[in-house]
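Structure first, then comments.
Any read-out appearing in this document is the output of simple, stated calculations on the displayed coordinates, not a laboratory observation. This one's a predicted model, so the numbers in the text were calculated from it and none came from an experiment. When we count neighbours, we look across all protein chains shown, and the Cβ atoms used for this are built from the backbone with ideal geometry, even at glycine.
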Amino acid sequence: MTINKEDKRIYSDEQYKKKVTAKIKELQKKRNAIILAHNYQRDEIQDIADIRGDSLALARAAIDIKQETIIFCGVLFMAESAAILNPDKLVLLPVKEAGCPLAEMATLDKLHLYRKQYPDAAVVCYVNSPAYIKAECDICCTSSNAIKVVKSLSNKQVVFLPDRNLARYVAQNVPEKEIIIWPGFCITHMRVKEEEVLKAKQEHPDAELVAHPECEPEVLQHADCVTSTGGMFSYIKSSPKKKFIIATEKGMLYGLGKENPGKEFFLPSEYLICANMKLTTLGWVLHSLENLVYEVTVDKEIREKARLSLDRMLAVK
Ligand code: SF4
């Protein structure tokens, strides 16, 4: 059974969805809470979100939040960013196990080794990293602003962590810098295979290939557009094309379909599912609101240092 079929088995009950959604909305008011959701979340979670977006959009949105409680439907590093930017708010991650394997590939020991080995290099960390790594780097970036961030630095050498494919993509686009590539990777985007992309292109010859920079270079070389999930929304909205092959997590297809009636979207593989992103269900969001769990906090010293790295990123125009 594929995860897709399993989703349907559990979530096809419209009445259940309606009931839980109504309860969530009621409690959300009572708790003065806002729901943020990443573009890779389940369809029904995207539907209840007050704000849906990519890491950068959600980080920016988190700065101006008026509500006392933030329910972050995503993975831990994203909720940590919201907690760093909103130290006085209650930030809740509905499923405490929702982590990101890529973020966990960034370790402090290794970062200290790189610092020693490349003393003149700036350290840029992708937001997909733990708060304690953000605290030790010079500036953060997301997949939508990584090139701009690296270009903005005066250092010739840049240690880029933790995603190797995003680092390679940056290196290609900023040839004037020497990019030292950390060997991390996203297990979801690694599942996009070149042969599948070529097959999808053959099946849909009039479709454009839009790919996330966490995909392997063999895949990116065939893309018409390489961009973040937020960038995909803008690109597709303004494109005169009607068909798109989307090389990223499956959750994107829901939002793209809703926002672009009349356009068609295809995945190169049915396995492009981030199991961590899919852990959050309506039931867990309700549980989170009912019990005010699971609180995400970041130690003050780490928070203040990590905030500097995030602020430097947000200041890059
Ligand atoms: Fe992490 Fe990849 Fe899942 Fe995003 S899609 S949360 S980078 S494992």
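A compact table of results
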read-out	value
Efficiency of FRET from Cβ geometry, Asp299 and Asp120, R₀ 35 Å, rounded to 0.05	0.75
Residues Ile70, Ile236, sorted so that the one with the fewest Cβ neighbours within 10 Å comes first	Ile236, Ile70
Distance-filtered residues of segment 283-300 - backbone nitrogen under 14 Å, label point 7 angstrom along Thr21 Cα→Cβ	283
Trypsin sites (Lys or Arg not before Pro) lying in DSSP loop within segment 23-87, provided at most 10 other Cβ fall within 10 Å	Lys66
Relative contact order %, the chain, counting alpha carbon pairs below 8 Å whose residues are six or more apart	22
Theoretical gain in end-to-end length, Glu270 to Asn173 [0.36 nm per residue, Cα-Cα removed]	31.9 nm
Using a Förster distance of 51 Å, the FRET efficiency for Lys29-Asp224 (Cβ separation, nearest 0.05)	0.70
Ascending count of other beta-carbon atoms within 10 Å, so fewest first, for Thr142, Thr227, Thr21	Thr21, Thr227, Thr142
Coil-residue GluC sites (Glu not before Pro) of segment 118-215, DSSP, other Cβ within 10 Å capped at 11	Glu176
Segment 16-105: relative contact order in percent, alpha carbon pairs under 8 Å with at least 6 residues between	24
Thr107-Glu259 FRET efficiency (beta carbon distance; Förster radius 41 Å; 0.05 resolution)	0.60
Simple label model, 7 Å out from Cα along Cβ direction - Lys242 to Asp64, nm	3.7
Estimated 222 nm signal from helices in the chain, with DSSP H stretches of n ≥ 4 weighted -39500 (n - 2.57), rounded to 500	-13000 deg cm²/dmol
Of the trypsin sites (Lys or Arg not before Pro) in segment 148-234, those whose Cβ has at most 10 other Cβ within 10 Å and which sit in DSSP loop	none
Estimated dipole of the chain in Debye, rounded to 20 [Cβ of Lys and Arg +1, of Asp and Glu -1, Cα centre]	600
D (Stokes-Einstein, µm²/s), Kirkwood Cα radius, segment 195-254, 0.692 mPa s at 37 °C	283
Likely footprinting exposure, Val285, Val296, Val150, fewest C-beta neighbours within 10 Å first	Val296, Val150, Val285
Potential extension, Asp43-Lys148 segment - 0.36 nm per residue separation minus Cα distance	34.7 nm
